[in-house]
Every structure is written in C-alpha cells, then in structure tokens.
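The values are calculated or read from the model by the stated rules, or taken from the named source; none is laboratory data. Because the structure is predicted, anything quoted here is derived from the model rather than measured. Backbone-built Cβ (ideal geometry, glycine too); neighbour counts: all protein chains shown.
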Amino acid sequence: MEGGFESFEVEEIRDKRITKRGTTEYLIKWKGYPEHEKTWEPPENLQCYSMISEFEEAHSKKEIRRYKRPKNLEDKDGFDLKYTAKRIIGVSHDDDGRILFLVRWTTDTAEKEVSFVYACRANDHVPSLVIDFYESKLTWHKQYRVSNKSS
C-alpha cells in the first residue's frame, strides 16, 4: 500500500468497449486476482501504456481483417454507391503497398456500412475526414509553450 492507496498490477487486457458516453474502457485481468474479478477500466486509471498500445494494435488488425478489400482502384466503393462517409475508423494497405482507409458510411436507406476505400479516393472526396483521422492518431509527449514574439 502506497500513500494510503492499494496498487494493482495489470496482468492482461482482455477486451475493449466504447460506452454510451463515447469513452473507451478496457477489460482488465488483474495480476494475483481470479478471473471473475476482472473490471472495466478507463485508460486514465491505467499506467500500462505499452500494454494498451500492443492491445490496440492487435485489436485494430483483428477488426480490419473482417472487411472486404477492393481488388483494384476500379472496384466500386461507397463513393460510387453515393453513400455518405461519416468517419475513417482504420487504415491498412493492399499487396502493392497502397493505403486503404476503413470508412464508416451511412447509406441512402440510413443503414450503416463499413468498407475499405483507397486513400487517394478518400483524399479527393472527404479530405477533412482524412485530416481528422490522422489528427486523432497524433500523440503529444510534452507540450511546449509557443511564443508569438518575433526575435
């Protein structure tokens, strides 16, 4: 016990969920505790940054494999089908190394659809979503104050 607080060690991250409020939680198996005492924890309660990164990478790859990939640039995608791109939720590449974005769409019947599109198509049709996606992946390790004074 440190400073009046009991310390727990993460043994393994077992799952991930997004709550109704849009926050992320991880299912944690605690070291030295039985399986039935796993808990859902927000990332700010955890200090296992490398475990979270490894879990996220593996989770992302597992999720991305579920979706059909276009065979070439001529394949029809959500843009051709007049779907509305709502968000880019992942990124991958084809066998030739071209970047593919996993896009969440809303169809003309208001159904939700998810499919891959080539990055060049996304850049042309929804550049703001591409920027939002990349900005969401930025990690700031230290903030520096920026001065507007000219030297």
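Quick one: would you say residue 121 is touching a Leu at 6+ places or on another chain (Cβ under 8 Å), buried (at least 16 other Cβ atoms within 10 Å of the Cβ) and either polar (S, T, N, Q) or in a helix (DSSP H, G or I) (or both)? Quick ask: steps written out before the conclusion?
Numbers: touching a Leu at 6+ places or on another chain (Cβ under 8 Å): yes; buried (at least 16 other Cβ atoms within 10 Å of the Cβ): yes; either polar (S, T, N, Q) or in a helix (DSSP H, G or I) (or both): yes.
Yes; evaluated as a whole, the condition is true for this residue.
Considering the range 100-110 alone, what residues qualify as being among the β-branched types (Val, Ile, Thr) and closer than 14 Å to residue 121 by Cα?
Quick first cut of the range 100-110, residues among the β-branched types (Val, Ile, Thr) only: 103, 106-107, 109.
Residue satisfying the conditions is 103 alone.
Quick one: which residue in 32, 3, 22 is modelled with pLDDT of 90 or more, on the phi > 0 side of the Ramachandran plot and not assigned by TED's automatic domain parsing to the domain that holds residue 132?
After ruling out the rest, the residue left standing is 32.
For the range 81-109, which residues satisfy the criterion of being surrounded by fewer than 11 Cβ atoms within 10 Å (Cβ to Cβ) and not polar (S, T, N, Q)? Write out each step before concluding.
Pass one, the range 81-109, residues surrounded by fewer than 11 Cβ atoms within 10 Å (Cβ to Cβ): 82, 95-97, 108-109.
Residues satisfying the conditions are 82, 95, 96, 97, 108.
It is to be established whether one or more residues within the range 56-64 are at pLDDT 90 or above and surrounded by 14 or more Cβ atoms within 10 Å (Cβ to Cβ). Write out each step before concluding.
In the first step, residues of the range 56-64 are kept if they are at pLDDT 90 or above; the result is none.
No, the range 56-64 has no match at all.
Give the residue, chosen from 129, 138, 102, that is assigned to a strand (DSSP E or B) and without any contact (Cβ under 8 Å) to a residue 60 or more places away in the chain. Full working, then the answer.
On the way: 129 fails: assigned to a strand (DSSP E or B); 138 fails: assigned to a strand (DSSP E or B).
Result: 102 is the single residue among 129, 138, 102 that is assigned to a strand (DSSP E or B) and without any contact (Cβ under 8 Å) to a residue 60 or more places away in the chain.
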